[in-house]
């Protein structure tokens, strides 16, 4: 990789790590005091989404290892750890853990996963196929963030840290940048396609969450 591209990729990785710590850390601290507007189902679904994309990027790295693909794996690994910590903080407080919007989220995600599975069966694709995994990832991140935006709009978003929202956007965009560099370096193969589709759905719905928070 040319030195300029290497430096750019390293810069994206550094920004990603910083955003992960700021975003996840600020939300973890906020959830220790209040969870107003935050869905337990959203954090659980987000953890599932990150686990899927972590798996996809690990596969991509094992197929064609490089510095960039390893950085992408490390980014998803750290995000997965931070969101698991946030979920743990909410469970530890043990107040207002589940409401009607969580039930709605569970129904939407379950229906989306079922439809994705039917689509995979119709296309004769294995459940482990990267594009099927991408469909699951969209269900686990896009649908819960729609109900999260609705909850923040209706009851308030005190449980959502402002730094979480800002650093979340920067984090998503830098992860897309990392995936782009990985694609430029190693090719547009199905694991990277799947990870990119999931992140595009993540950013689109995160915009709605941000607008709900700003308008509340």
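With a cut-off of 8 Å between alpha carbons and a minimum separation of six or more residues, what is the relative contact order of the range 3-215 in percent? Please report the intermediate quantities before stating the final value.
Working: 285 pairs, mean separation 77.7, N = 213.
It comes to 37 percent, rounded to a whole number.
From the square roots a ≥ b ≥ c of the eigenvalues of the alpha-carbon gyration tensor of the range 81-186, which class results: rounded (a/c under 1.5), prolate (a/b over b/c), or oblate?
Numbers: a/c = 2.25, a/b = 1.27, b/c = 1.76.
Cα axes put the range 81-186 in the oblate bin.
Using R₀ = 22 Å, calculate the FRET efficiency as 1/(1 + (r/R₀)^6) where r is the Cβ-Cβ separation of residue 21 and residue 200; round to 0.05. Intermediate results must be reported in sequence, preceding the final value.
Working: r = 24 Å, r/R0 = 1.08.
That gives a FRET efficiency of 0.40.
In a Gaussian network model over the chain where Cα atoms closer than 10 Å are linked, find which of 145, 64, 36 has the largest mean-square fluctuation.
64
Between residue 184 and residue 93, how many nm apart are label points set 7 Å from Cα along the C-beta direction?
Using points 7 Å along Cα→Cβ, the separation is 4.1 nm.
How many nm is it between the label spots at residue 34 and residue 170, if each spot is 7 Å from the Cα in line with the beta carbon?
Label-label distance for residue 34 and residue 170, simple model: 2.4 nm.
Counting other C-beta atoms within 10 Å, which of 27, 158 has the fewest, and how do the rest follow? It would help to have the intermediate numbers written out before the result.
Values: 27 26, 158 16.
Ranking 27, 158 by Cβ neighbours within 10 Å, fewest first, gives 158, 27.
On a full-extension model of 0.36 nm per residue, what is the gain between residue 118 and residue 207, subtracting their alpha-carbon distance, rounded to one decimal in nm? Walk me through the intermediate numbers first.
Numbers: separation 89, 0.36 × 89 = 32.04 nm, distance 2.92 nm.
So the extension gain works out to 29.1 nm.
Among 47, 91, 56, whose mean-square fluctuation peaks in a Gaussian network model of the chain (Cα, cutoff 10 Å)?
91
Mind running the shape call on the range 1-74? Use the C-alpha gyration tensor, a ≥ b ≥ c as the square roots of the eigenvalues: rounded below 1.5 for a/c, prolate if a/b tops b/c, oblate otherwise. Could you put the intermediate results ahead of the total?
On the way: a/c = 4.59, a/b = 1.76, b/c = 2.61.
In terms of gyration-tensor shape, oblate.
Can you tell me how much longer the chain between residue 216 and residue 7 gets when fully stretched, taken as 0.36 nm per residue apart minus their C-alpha distance, in nm with one decimal? Don't jump to the answer; show the numbers that get you there.
Values: separation 209, 0.36 × 209 = 75.24 nm, distance 4.01 nm.
71.2 nm is the gain from fully extending residue 216 to residue 7.
Picking from 115, 176, 40, which is most flexible by a Gaussian network model of the chain using Cα springs under 10 Å?
Of 115, 176, 40, the Gaussian network model singles out 115 as fluctuating most.
According to the square roots a ≥ b ≥ c of the eigenvalues of the Cα gyration tensor, what is the shape class of the range 76-122, taking rounded for a/c under 1.5, prolate for a/b larger than b/c otherwise, and oblate for the remainder? Walk me through the intermediate numbers first.
Working: a/c = 5.27, a/b = 1.50, b/c = 3.51.
In terms of gyration-tensor shape, oblate.
Taking neighbour Cβ counts within 10 Å as the exposure measure, how do 49, 28 sort from fewest upward?
Values: 49 26, 28 19.
By the 10 Å Cβ count, ascending, the order reads 28, 49.
Quick check on the chain: helices-only [θ] at 222 nm, where DSSP H runs of length 4 and up contribute -39,500 (n - 2.57) each and the sum goes over total residues. Nearest 500, please. Walk me through the numbers before you get to the answer.
Working: 7 runs with 180 residues, N = 216.
Rounded to the nearest 500, it is -29500 deg cm²/dmol.
For 66, 41, what's the fewest-to-most ordering of other Cβ within 10 Å of each Cβ? Numbers along the way, then the final one.
On the way: 66 16, 41 24.
Sorted ascending by nearby Cβ count, the order is 66, 41.
Just from the alpha-carbon atoms, what are the Rg and Dmax of the chain in angstroms?
Here Rg and the maximum Cα pair distance are 17.1, 53 Å.
Can you pull the one-decimal nm distance between simple spin-label points at residue 81 and residue 129, each 7 Å off the Cα toward Cβ?
3.5 nm
We did not get these values from a lab; they are worked out from the coordinates using the rules stated. Quick caveat: nothing in here was measured; it's all calculated off a predicted structure. Cβ sites come from the backbone with ideal geometry, for glycine too, and all protein chains shown count toward neighbours.
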